[in-house]
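Engineer: I am attaching a structure below and will ask some questions about it afterwards.
Please treat every number below as a calculation from the coordinates, not as lab data. From a predicted model like this one, the values you see are computed outputs, not experimental measurements. In this analysis, Cβ positions are derived from the backbone assuming ideal geometry, glycine residues included, and neighbour counts consider all displayed protein chains.
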Amino acid sequence: MRQFISVEDLGDLRQGLQAAKYVKEHPFADQALGRNRTMLIVFFNNSLRTRLSTQKAALNLGMNVMVLDVNQGAWKLETELGVVMDSDKSEHLREAIPVMCSYCDIIGVRSFAGLADRDYDYAETVLQQFIDYGGKPVISLESATVHPCQAFADLITIEEYKTRTRPKVVLSWAPHPRALPQAVPNSFAQWMNAADVDFVITQPEGYELDPRFAGNAQVEYDQMKALEGADFVYAKNWSCPGVTRPKDYGKVLCKDMGWTIDAAHMAVTDNAYFMHCLPVRRNMIVSDEVIDSERSIVIPEAANRVVSVQTVMKKMLENL
Ligand code: CP
């Protein structure tokens, strides 16, 4: 595996889930694989879970780990091609990427969407440069349009908690004060479409996800109807993806607090588990009552971030 961006990069999904189960049960079994290998993780944006889970996974695999916060202590990086570099940006990614990659064996990159230019974001302009110019295996640690390590961890969690062979999983938009990227819902949708689940997306008008990710998922604009009989409720905010309203790409279109997942929403489900990638805004996305309930599995979901990224890194190490 040379890149981890999409569910397809994992290969056979059933085998990928079995590999994750093995990693979870035997976290230190592959320490020899990572000996004298270095993992570099590069952050253009903030992180708690990704930062720690990726380091933990690398250490479990016996790797050395380096972390670079691009905006703290490094030269300010230019990401656009063909520009006259007369601004405050001292170094171009074209040089920085091969330099960084000369110091490591695998590189992980967090680089959020700018939410100003849909074409720029959906071309994965920053991540793609790491793939094109680095020469090392690349893991998206949430890039402009995808968060595959999160979606893999989400699926691992659903597999662990499901009580039916084919559970009903509902991705529900929820309100947030700021414009957020579509990376988490995009990847969640892509992975659920590939998994053995009945998948429903519910969102206000204008929030339709890119068809490349939404695929054949059932879309239901009536949130309560969508939630009926659900086994898992995955709440997430995202900004306008610009599919049905191109001029509104990256904007907040709705602040209706009626979409906040509360006890009344959970009451129409089949005693569903509540999921969210975290960090979560309490009483915006989800009520205290729901996230603090025994049906909330946000903590084991976050813990599985180590398992998902370790499974991916192991596969990359085996192919170096
Ligand atoms: N879910 C997730 O990626 O969390 P962080 O932004 O804290 O890494």
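Engineer: Enumerate the calculated ³J(HN,Hα) couplings along the range 39-53 in order (Karplus 6.51 cos²θ - 1.76 cosθ + 1.60, θ = phi - 60°), each rounded to whole Hz, writing x wherever the residue is Gly or Pro.
Structural biologist: 9, 10, 10, 10, 10, 8, 9, 5, 6, 10, 5, 5, 4, 7, 5
Engineer: Right, something else. Which net charge results for the neighbourhood of T50, defined as the other residues with beta-carbon distances under 15 angstrom from its beta-carbon, given Lys and Arg at +1 and Asp and Glu at -1?
Structural biologist: Surrounding charge for T50 is +1.
Engineer: Still on this structure: Test of the criteria: in the range 136-205, which trypsin sites (Lys or Arg not before Pro) are in a DSSP loop and have at most 13 other Cβ atoms within 10 angstrom of their Cβ?
Structural biologist: Those satisfying the criteria are R164, R178.
Engineer: Still on this structure, I have one more. Step through the residues of the range 195-208 one at a time and calculate ³J(HN,Hα) from phi using the Karplus curve (6.51 cos²θ - 1.76 cosθ + 1.60, θ = phi - 60°), rounding each to whole Hz and writing x for Gly and Pro.
Structural biologist: Per-residue couplings from phi come out as 8, 8, 9, 8, 10, 10, 10, 10, 7, x, 4, x, 9, 4 Hz.
Engineer: For the range 244-302, compute Rg over Rh where Rg is the Cα radius of gyration and Rh is the Kirkwood radius from the inverse mean 1/r over Cα pairs.
Structural biologist: 1.06
Engineer: Near the amide H of L68, under 5 Å away, which other amide H atoms are found, from residues 5 or more places off or on another chain, if H is placed in the peptide plane?
Structural biologist: I41, V42, F43
Engineer: So for the range 150-302, averaging the separation of alpha carbon pairs under 8 Å that are six or more residues apart and normalising by length, what relative contact order in percent results? Present the calculation step by step, with values, prior to reporting the outcome.
Structural biologist: Details: 308 pairs, mean separation 41.2, N = 153.
This gives 27 percent for the range 150-302.
Engineer: Sticking to Cα atoms, compute the Rg of the chain to one decimal and its Dmax as the biggest Cα-Cα distance, whole number, in Å.
Structural biologist: Just the Cα atoms of the chain yield Rg and Dmax of 19.5, 59 Å.
Engineer: Related question: To the nearest 20 Debye, how big is the dipole of the chain about its Cα centre, given +1 on the beta carbon of each Lys and Arg and -1 on that of each Asp and Glu?
Structural biologist: Using Cβ point charges on Lys, Arg, Asp and Glu, the chain gives about 620 debye.
Engineer: Can I ask one more? Can you work out the FRET efficiency for the pair N46 and M66, with r the C-beta to C-beta distance and R0 = 22 Å, to the nearest 0.05?
Structural biologist: So, using R0 = 22 Å, E works out to roughly 0.75.
Engineer: Another question, if that's okay. So how tilted is helix 183-194 from the main axis of the chain? Cα-based, degrees 0 to 90, rounded to 10.
Structural biologist: Roughly 70 degrees, rounded to the nearest 10.
Engineer: While we're on this one: In terms of modelled amide H atoms, which long-range or inter-chain residues lie less than 5 Å from the amide H of K168?
Structural biologist: Excluding prolines and chain starts, which carry no amide H, the hits are D198, D231, F232.
Engineer: Another question, if that's okay. Provide the net charge surrounding E228, with neighbours chosen by a C-beta distance below 11 Å and charges set as Lys +1, Arg +1, Asp -1, Glu -1.
Structural biologist: Charge balance in the 11 Å sphere: -1.
Engineer: Take every Cα-Cα pair in the range 27-143 and report what % of them are more than 16 Å apart. Don't skip to the answer; put the middle values down first.
Structural biologist: Values: 4222 of 6786 pairs.
Tail fraction, whole percent: 62.
Engineer: Quick one: what are the phi-derived ³J(HN,Hα) couplings along the range 110-116, Karplus 6.51/-1.76/1.60 with θ = phi - 60°, whole Hz, x for glycine and proline?
Structural biologist: Along the range 110-116, the couplings run 10, 8, 6, 5, x, 6, 9 Hz.
Engineer: Can I ask one more? On a 0 to 90 degree scale, rounded to 10, what angle separates helix 298-318 from the longest Cα axis of the chain?
Structural biologist: Roughly 40 degrees, rounded to the nearest 10.
Engineer: I would also like to ask the following. In the range 150-302, what is the volume of the convex hull around the alpha carbon atoms, normalised per residue and reported in Å³?
Structural biologist: Output value, Cα hull per residue: 93 Å³.
Engineer: Right, something else. Enter the Cα centre distance for the pair the range 290-320 and the range 33-86, rounded to the nearest angstrom.
Structural biologist: 19 Å
Engineer: For A174, what residues show an amide H to amide H distance below 5 Å, using hydrogens built from the backbone and excluding near sequence neighbours?
Structural biologist: Here K236, N237, W238 satisfy the definition.
Engineer: Which is the longest part of the chain that has none of the GluC sites (Glu not before Pro) sitting in a DSSP loop with at most 16 other Cβ atoms within 10 Å?
Structural biologist: With GluC sites (Glu not before Pro) excluded where exposed in loops, the chain gives 81-204 as its longest stretch.
Engineer: Net charge within 13 Å of V197 by Cβ-Cβ distance, Lys/Arg positive one each and Asp/Glu negative one each, not counting V197 itself?
Structural biologist: -1
Engineer: Between A267 and D292, what FRET efficiency comes out of the Förster formula 1/(1 + (r/R0)^6) with R0 = 22 Å and r the beta carbon distance, rounded to 0.05?
Structural biologist: 0.85
Engineer: How high is the relative contact order of the chain, in percent, counting Cα pairs under 8 Å that sit 6 or more residues apart?
Structural biologist: Rounded, it is 20 percent for the chain.
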